[in-house]
Structure formats: C-alpha cells, structure tokens
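J.: Handing you a structure now.
The values are calculated or read from the model by the stated rules, or taken from the named source; none is laboratory data. None of the values given here were measured: they were computed from a predicted structure. Neighbour counts are summed over all protein chains in view; Cβ atoms, including those assigned to glycine, are modelled from backbone coordinates with ideal geometry.
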Amino acid sequence: MTTNPSPEAPTSRHIPILVEPILEFLIEPFRNWQGEGPVWFVDATLGGGGHTRQILDALQKISPEGRCKVLAVDQDQTAVDRARKRFEPEIQAGRLELMQARFGEIAEWVRNHSVVALLADLGFSSDQMDDRSRGLSFQSEGPLDMRLDPNQGQSCLDLLESISEEELEKILREFGEERFSRRIASAIIHRRNDFDLPKTPKDLSRLVVHAIPSFARHGRIHAATRSFQALRMAVNEEVSQLDRLLSRVIIEVVPSGRIGILTFHSVEDRLVKIRFKDGDDFKALTKKPLQASDEEVSRNPRSRSAKLRVAERLP
Ligand SMILES: C[S@@+](CC[C@H](N)C(=O)[O-])C[C@H]1O[C@@H](n2cnc3c(N)ncnc32)[C@H](O)[C@@H]1O
C-alpha cells in the first residue's frame, strides 16, 4: 500500500539536539584542514534541516570562500522537497547538495568525495510525527502506515497482516522493551483471527492499552508508546539500516575524518558503541555517550533519551 504524504508544512517544528557538541566535534577540527579541492560534510539525516542549518552556518564562518560543502540526505522525499525551498540560497551558491536515499545507498557517494565528517541523527522528525498520513502518532486516524519513506517496504498494517505471533512478540520485546509484549502480541493476533485488525493508529493504540493490565496503563508515557516505537523500527528496518551505515558507509570517510551518531534506543546505542570500540579502523572520541543537559531537556523533551557518540577514522 502506498500513501501520499500530506502537503508540506512551511517550516519545521523539529528542534535539533546537542548542536554544540556536534559542531565542536565535527566542524571545529577542520578549521585549518589542509589538502586540495572541496571537502564534504554529510548530514545523513536531514529531517527538518535543523542540524544542516547549524552546520552550514558554522562552515560559513570557518570557510567563507565556500570550500567546505554539505551533502544532506533523507529517505523521506517530503523532507528533501521542503529543504529544497528552505535552503535555496545555499544550493544556488553550491554549498549544499540534497539527496533522497537510505543509508545503504550513500556508500559510493561518500567513497567518491572527500568526506571529512558525517552525522546521523536516527529515528524520525517531529514533522513526520505531525504528518497524520504517516500514522506515527497514536492520536492519528489516518492509515496505519508508519513508513518514513512511503515508497519502501510494507506498511505497519501489511506487517500485522502477515507476521507470526512469535515474531511480533519479539519485535515488541526487543525494539520496544515492552514488558507486556506477549499479551499485546496475543491481543493483536486475536483480532487478526477475527478479521478485525486495527486500521488506524488510534485503533491500534486502544487495542494496546486494553491488552496491558490496568495498573500499568497510566504511567509517565502513553501506554502504547513502546509498541509504536517497536513497530516503527520494524517497519522502517531501522536496525538493519544502522547496520549498513556502520558497516559500509562510515568506513568511506577520509582518514582523520569524524563520525557522530545520535541514537534514541539502547539497541542502536549498543551497535554504535561496539562499532566504534572494536576493530582498528575507528577511535572512539567519547568514552561515554554525551547526553542533553537538564536545560536542553526542559526546552526539548525529545532530547531526553538522545545519546551522542563520536569517533575518528584511523589512517
Ligand atoms: C531525527 S530526524 C533528523 C532531524 C534533523 N537532524 C534536524 O535537526 O532537523 C531523522 C531523519 O532521518 C531520516 N532517516 C532515518 N533513517 C534513515 C535512513 N536509513 N536513511 C535515510 N534517512 C533516514 C528520517 O526520515 C528523518 O527525517
């Protein structure tokens, strides 16, 4: 099933996270970078363009002659189209290129350009959450889709139509860290057997809430949050995409180049930590992940669970 994203919003509501350390680790070291030709900074997760904006502004200061350029990538065509308008002057000036692609597809581009820094800020943007046609919010009465690129893979509803109960339980447990994964998986499959799968996120969130014991329904977060996170990660193959980024893409940055990865989930943070620690191609520059200050969390609650790890490519 393919859905068309809603018309674009004029501006982004997404607030970029941990901007200061990102600029300090990924931009500052290249202030006096020697070498021929243009150098590239890749923002692999353009989203609302918050980090791209900050990177462009910082590069303008250290390289006013325009030698430092940015490639900003997103799997979501709507995000790319919106950025094309927002960043028109930078695109015209040859300081920014945009690309609609998934992580697995950018390795060759990175290999063929002198990329000195790469940022990935995983997950979804506030704009995608607000877009009812995506079905990411449990209030939504739009389609039960959840794809960040509506042209890739299967929707959440298609996944629920075909998945086994065991596999669904595993997804809810591993990606959602949902303690009631078994009850929720069983309730969903029960409904499927009655030919009555939920058709909207709102229906699904009601089903999830009813599947868990009443004492656990009223916590700090909405009772369906973990299940929605798990299903979104499965629908968008987020772990295998990260695996591709870590195994195929980051290896293509130049020696002494830097990688910064912002994760929001323990499974993803663990993968990044292991990749930066093991082997002889990267040196971790952050022993422990950097996290948002209390002040940032109060300004932007989404930053609460963010973890930033940075590594340097060894020669
Ligand atoms: C958290 S948002 C990025 C927000 C952005 N840093 C900002 O400041 O506005 C994550 C974005 O990355 C994109 N994304 C996630 N996984 C991706 C993948 N495997 N390939 C390409 N884009 C991806 C999503 O579509 C989303 O727009």
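J.: Which is farther than 22 Å from SER305 by Cβ, of a type in the set (A, V, I, L, M, F, W, C) and more than 11 Å from the ligand (Cβ to nearest atom), of ILE27, ILE55, ILE106?
T.: Exactly one of ILE27, ILE55, ILE106 is farther than 22 Å from SER305 by Cβ, of a type in the set (A, V, I, L, M, F, W, C) and more than 11 Å from the ligand (Cβ to nearest atom), namely ILE27.
Yes/no per residue for (1) surrounded by fewer than 20 Cβ atoms within 10 Å (Cβ to Cβ); (2) over 27 Å from the mean Cα position of the chain (by Cα); (3) at pLDDT below 95:
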position	(1), (2), (3)
LEU136	no, no, yes
LEU168	no, no, no
GLY176	no, no, yes
PHE180	no, no, no
ARG183	yes, yes, no
SER186	yes, yes, no
LEU197	yes, yes, no
ALA216	yes, yes, yes
ARG220	yes, no, yes
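J.: Considering each of GLY123, GLY153 in turn, give the residue that is at positive phi, in contact (Cβ under 8 Å) with a residue 24 or more places away in the chain and surrounded by 17 or more Cβ atoms within 10 Å (Cβ to Cβ).
T.: Going through GLY123, GLY153 in turn, the sole match is GLY123.
J.: Looking at LEU207, LEU159, can you tell me which residue is in a helix (DSSP H, G or I) and closer than 28 Å to ASP76 by Cα?
T.: LEU159
J.: Only one of these is hydroxyl-bearing (Ser, Thr, Tyr) and surrounded by fewer than 14 Cβ atoms within 10 Å (Cβ to Cβ): THR11, THR52. Name it.
T.: THR11
J.: Another question about this same structure. Cβ-Cβ below 7 Å, separation at least six or inter-chain, first residue in the stretch 106-120 and assigned by TED's automatic domain parsing to the domain that holds GLY37, second basic (Lys, Arg) and more than 13 Å from the ligand (Cβ to nearest atom): which pairs?
T.: ALA117/ARG258
J.: Scan the stretch 17-70 for residues that are basic (Lys, Arg) and within 17 Å of ALA83 (Cβ to Cβ) and report the count.
T.: So the answer is 2.
J.: In the stretch 237-288, which residue that is within 16 Å of the ligand (Cβ to nearest atom) and in a loop (DSSP other than H, G, I, E, B) is surrounded by the most Cβ atoms within 10 Å (Cβ to Cβ)?
T.: Filtering first and then ranking leaves HIS265.
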